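The values are calculated or read from the model by the stated rules, or taken from the named source; none is laboratory data. Owing to the predicted nature of the structure, the values given are computational and were not obtained by experimental measurement. Here the Cβ positions follow ideal geometry from the backbone for every residue, glycine too, while neighbour counts run over all protein chains shown.
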């Protein structure tokens, strides 16, 4: 029979304890259906409301929360950054548009990319966390094609995005490094401007939400039913990871991600922790969307 020290030694040797300790310090952010943004511990405990807003993304070190303001009666939307220790909120009012949304932290926490409405098109903008040093990273194409679903590569030196027709790998100068027809690498996939993409920490796999199958009849649901797919960036082969009605993936590690799912009798999605092989799923927060996590 193993003693308590003996059991602890086994856990330490296996790496289980280290993983659990690391998880204990990580935070997640999410959105509630009253247009409010929240943070919690990675296991879903200790949830607290931060501010009114949508599209939350927590900084890699877990100290700040980026989001955008939202007023259904006005097109005015500002990027906002909340300091989670002090509660201070900084609005990006010095950028050249009052209609911005969807901030995403760079892996080192030094920059935020977001979408900005300029000249009747959506461009991808880049700024420091206080709103300074703004510049356009990628302008919409002249034929009214904007770029959506932007996500960073792990080294913070480039991005992936899509324009409804193609998947792009672009540099921080906006130049295209590589592009793929979406119907070639994700055949039959239905992609819209709200699709979420994410590159794994090792840079090998791209997660994407796609509507790729016939939509089962479901009350109060319009459009294709989403599922999460994994694209191996080296082989350019994709495989399905989840069933239908699972979407909004966000990487936790090379083998796990957060996402949301909605059962047939559920009125709202909830946030789950899922293994990349799809075999392990754990409910974290009920009735919540737009998950992100600190590193």
Could you check, for the range 62-70, whether at least one of its residues is closer than 21 Å to residue 257 by Cβ, at pLDDT 95 or above, surrounded by fewer than 19 Cβ atoms within 10 Å (Cβ to Cβ) and not assigned by TED's automatic domain parsing to the domain that holds residue 291? no
Of the listed residues (109, 102), the one being within 21 Å of residue 29 (Cα to Cα), out of contact with any strand residue (DSSP E or B) (no Cβ under 6 Å at 6 or more places or on another chain) and either in the same structural domain as residue 38 (by TED's automatic domain parsing) or without any contact (Cβ under 8 Å) to a residue 24 or more places away in the chain (or both) is 109
When restricted to 84, 113, the only residue within 17 Å of residue 196 (Cα to Cα) and at pLDDT 95 or above is 113
Wholly inside the range 207-295, strands (runs of 3 or more DSSP E) that include 3 or more residues that are at pLDDT 95 or above and exposed (fewer than 15 other Cβ atoms within 10 Å of the Cβ) are 281-285
Reported set for the range 45-71 where residues are in contact (Cβ under 8 Å) with a residue 12 or more places away in the chain and in a loop (DSSP other than H, G, I, E, B) is 47, 53, 59, 60, 61, 62, 63, 69, 70
Of the listed residues (163, 130, 119), the one being in the same structural domain as residue 49 (by TED's automatic domain parsing) and either without any contact (Cβ under 8 Å) to a residue 24 or more places away in the chain or out of contact with any strand residue (DSSP E or B) (no Cβ under 9 Å at 6 or more places or on another chain) (or both) is 119
The condition from (1) closer than 26 Å to residue 256 by Cβ; (2) under 17 Å from the mean Cα position of the chain (by Cα); (3) surrounded by fewer than 20 Cβ atoms within 10 Å (Cβ to Cβ) that residue 162 misses is numbered (3)
Flag for residue 24 being under 25 Å from residue 284 (Cα atoms) and either at pLDDT 95 or above or out of contact with any strand residue (DSSP E or B) (no Cβ under 6 Å at 6 or more places or on another chain) (or both):
yes
If we ask which residues in the range 170-190 are in contact (Cβ under 8 Å) with a residue 12 or more places away in the chain and part of a strand (DSSP E or B), their number turns out to be 7
The correct count of residues that are out of contact with any strand residue (DSSP E or B) (no Cβ under 6 Å at 6 or more places or on another chain) and within 28 Å of residue 61 (Cα to Cα) in the range 166-182 is 2
Of those in the range 183-196 that are touching a strand residue (DSSP E or B) at 6+ places or on another chain (Cβ under 7 Å) and under 20 Å from residue 262 (Cβ atoms), the residue modelled with the lowest pLDDT is 189
_With the structure loaded, tell me whether residue 204 is touching a strand residue (DSSP E or B) at 6+ places or on another chain (Cβ under 9 Å) and surrounded by 15 or more Cβ atoms within 10 Å (Cβ to Cβ) or whether it fails that test._
yes
